[in-house]
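The block underneath contains the structure these notes are about, expressed in structure tokens.
What follows is calculated from the coordinates using simple rules that are stated; it is not laboratory data. Everything numeric here is computed off the predicted structure, so don't read it as measured data. Neighbour counts are summed over all protein chains in view; Cβ atoms, including those assigned to glycine, are modelled from backbone coordinates with ideal geometry.
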Amino acid sequence: MKRVFRGALAVAVAAIFCATTFSSCTNDEEYDFAFELPGQIVTRLNETVVIPFTARNITSVSVMSKPAGWTVEDVDLVNWTITVKSPESYSDADNDVVENGNLILTGYTAAGTTTKATSYLSLSNREVDLTEEYSNSYVITQPDTRYTIDVTHKGESSQTISPANVAVLWQSAKDLVNFSSFDAASGTFTFFISHKDTDDDNDDATVSKVPDGNAVIAAYDADDNILWSWHVWVTESDPTSNAVATSAGVFMDRNLGAYRNSDGSTNTDEIFESYGLYYQWGRKDPFIRPVDYKFSNNADKTVFSATNTVKRFAYVDAEKDADAGTVEYAVAHPMSFVLGSKDNRYDWLWSTHDDNLWSDDVKSVYDPCPRGWRVPADKAFTAFDIDRIEDEAQLADIRGMYGWHIVDSATGAKLFMPGAGRRSFENGVLTNMNDYGYEHVPMPWIGYYWTCGTGMSDPATAESMFFDLNTTRAVNNRYEAAKEMYRANGMQVRCVRDDR
């Protein structure tokens, strides 16, 4: 069965005439060459698709590359289409057929130069439609799958936007989010998550799993201003299905943005993978982890653009720029950590405090947790204390965990909370050190976890759970279930199920 895929932008008759007669209606050095659909051309076995592309001042076209097993049947320079046929069969063991890949054309311009156009071909029928589950954050657990999300709703609210464009803002690894496309008509964004090959637990076989990572997708208006953004959280095991029931609610088994929970392991890779992302109180957008589990040089882990170039987070001073200390600025600048305003008691808002940015009464539009989950209520962690055995243990027996198990006094349920520290309200620097002299090196064993509660003694603060694993003697270990912290701090979030 033959299908024709058409993009939202039609090729004007005059432009087609100029291209098909190989004459230039403008300067010969000006040209256009691109697929109308830059990706997401999905077919089934042995199916033919006709894919249109735009060409201006392009005199000829050749196929530079195509996925193995796919057939290019025709390149039509009159109608500017290419006809492609998908493989007749496919199996995971067949190395002669590629399930997903790029079709790349070379265009030769009237000026004698070359240019390229790329479209994505997919044989995969593994698709997950999340458009009815719109939220500020999406948990992605299935590899080699195309995901579609709604990009018109602000969080889970009825407030909507109409983006002119949607694209990957940043990703924690190159090629984490691939072959993405925005459909303005439906208000959806589609992207592909590939896989990583790894050995099984017994090193007996190689298995494919989803790659670990985080990304943020941003919606833009016609002037390239960000209207809203969404967190894509890629982790191989589902944090929602492994949740832990306690008297204070059902908690995820890991921090928001973490790839797993180290659960007391002393393996440094597992410890690092259990660090989540960092959030300023009341903001929905995450900030990246440290470069390693030790917070070496207080450096950020590198993040990348959609084209795999390095991107940097900004640290802006609300005290010096009043515009930066607003909710509107925070929404429009999801990669800007807004430093605390001294005159406003180190809130990232420069002239006021907004207690409703996160709320226990109703899940707010700025809540960073996935659908069905929320930031914990104020006093949620009063039901817990540090595991008594660990609290009384010799330092040598527990120091390698970089965190604590906290125990629900009512049920005995345990949660392991990594000591992932915070980003300072003063400068955004990753701060996770106590300095009690152990081996003459400060060690990162401090944890800060936001709740949606606001400060009682200081209206500029918000409540958090705090612990400090002392490096000299257990008697100095600290646990505070409701410690007030300045709202401009960037801290971890452990989501709790939204049962309201």
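Across the options 131, 86, 111, the greatest Cα extent toward the positive end of the charge dipole of segment 85-148 (unit charges at beta carbon of Lys, Arg, Asp, Glu) belongs to 111.
For residue 458 and residue 313, a Förster radius of 22 Å and the Cβ-Cβ distance give a FRET efficiency of 0.20, rounded to the nearest 0.05. Fully extending the segment from residue 392 to residue 291, taken as 0.36 nm per residue of separation minus the present Cα-Cα distance, adds 33.2 nm.
Relative to the current alpha-carbon distance between residue 237 and residue 320, full extension at 0.36 nm per residue lengthens the span by 25.6 nm.
Panel order for 417, 64, by other beta carbons found within 10 Å of each beta carbon, from fewest to most: 64, 417. For segment 101-146, chymotrypsin sites (Phe, Trp or Tyr not before Pro) meeting the loop criterion (DSSP other than H, G, I, E, B) and having at most 15 other Cβ atoms within 10 Å: none.
Every helix of 4 or more DSSP H residues in the chain counts as -39500 (n - 2.57), and over all residues that averages to -1500 deg cm²/dmol at 222 nm. Taking the DSSP bridge list for segment 266-402 and keeping only pairs wholly inside it, about 55 percent are antiparallel.
This structure gives Cα extents along the principal axes in Å, computed directly, and of [x] 72, 67, 54; [y] 83, 58, 46; [z] 66, 46, 43 that value is listed as [y]. Which pairs, out of 294/414; 320/342; 174/311, put more than 20 Å between their alpha-carbon atoms? Where the Cα-Cα span goes over 20 Å, the pairs concerned are 294/414.
Relative to the current alpha-carbon distance between residue 379 and residue 164, full extension at 0.36 nm per residue lengthens the span by 73.2 nm.
Roughly what % antiparallel, to the nearest 5, for the DSSP beta bridges in the chain?
In the chain, approximately 85 percent of DSSP beta bridges are antiparallel ones.
The residues 278, 329, when put in order of fewest to most other Cβ atoms within 10 Å, stand as 329, 278. Computed from label points 7 Å out along Cα-Cβ, the spacing between residue 116 and residue 245 is 5.4 nm. For segment 57-71, the residues whose backbone nitrogen is under 19 Å from a point 7 Å from the Cα of residue 89, taken along Cα to Cβ, are 68-71.
Using θ = phi - 60° in the Karplus curve 6.51 cos²θ - 1.76 cosθ + 1.60, the 3J(HN,Hα) couplings for segment 211-218 round to x, 6, x, 9, 8, 10, 9, 10 Hz; x is entered for Gly and Pro. Electrostatic tally near residue 415: other residues with Cβ closer than 12 Å to its Cβ, Lys and Arg +1, Asp and Glu -1, net -2. Placing +1 on the Cβ of every Lys and Arg and -1 on the Cβ of every Asp and Glu, with no other charges, gives the chain a dipole of roughly 540 debye about its Cα centre. Residues in segment 155-172 carry Karplus couplings, in order, of x, 9, 8, 8, 6, 10, 10, 10, x, 8, 7, 9, 7, 5, 7, 8, 9, 7 Hz; the curve used is 6.51 cos²θ - 1.76 cosθ + 1.60 with θ = phi - 60°, and Gly or Pro positions show x.
When you restrict to C-alpha pairs under 8 Å that are six or more residues apart and normalise by the size of the chain, the relative contact order lands at 11 percent. Put a dot 7 Å past the Cα of residue 361, heading toward its Cβ, do the same for residue 343, and the two dots end up 3.0 nm apart. In this simple spin-label approximation, residue 267 and residue 327 carry label points 7 Å from Cα along the Cα→Cβ vector, and these lie 4.3 nm apart. Ordered by the count of other Cβ atoms within 10 Å of each Cβ, fewest first, 130, 123 give 130, 123.
For segment 111-216, what proportion of DSSP beta bridges, expressed in % and rounded to the nearest 5, is antiparallel?
85
What the phi angles of segment 395-411 give under the Karplus curve with 6.51, -1.76 and 1.60, with θ = phi - 60°, is a coupling list of 3, 4, 7, 10, 4, x, 7, 6, x, 10, 8, 10, 10, 6, 5, 7, 10 Hz, glycine and proline written as x.
Here the alpha carbons of segment 337-467 define both size measures, Rg and Dmax, at 16.9, 47 Å.
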